[in-house]
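A.B. asks: Have a look at this one before I ask anything.
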Amino acid sequence: MALVALVALVALVVTRYPDVPWEALLATSAAVLGVGEVAQRKENAKTTAALHESSPYDEDAALQAALSELELGH
């Protein structure tokens with residue numbers, strides 16, 4: 001949320017004060033992109049970890065399959 005506010009503030013500063021040095025804008029842009037990349041990698045790692053966890057529903061499905069086989073056998 002703070003990152004969004006920073007980006008909005010930079011845009012506001014540029015429109016109000018066009019004489020802001022481009023180096024400051026470049027540094028701010030690089031920082032915003034860097035923070036975004038770190039956040040994206042963290043979310044991707046969480047997604048990958050979640051995909052490799054077994055679901056509690058997998059156990060329920062296996063029990064249901066076993067019960068169905070028992071019913072077919074009788």
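A.B. asks: If you scan the range 15-74, which residues turn out to be within 24 Å of the chain's Cα centre (by Cα), at pLDDT 90 or above and farther than 21 Å from L3 by Cβ?
C.D. replies: Within the range 15-74, T48, A49 meet the criteria.
A.B. asks: List pairs: first residue in the range 18-33 and polar (S, T, N, Q), second residue surrounded by 10 or more Cβ atoms within 10 Å (Cβ to Cβ) anywhere in the structure, Cβ distance under 6 angstrom, at least six positions apart or on different chains.
C.D. replies: Cβ pairs passing all conditions: T28/V10.
The values are calculated or read from the model by the stated rules, or taken from the named source; none is laboratory data. Model, not experiment: these values are computed from the prediction. Reconstructed Cβ throughout: ideal geometry from the backbone, glycine too, with neighbour counts over all protein chains shown.
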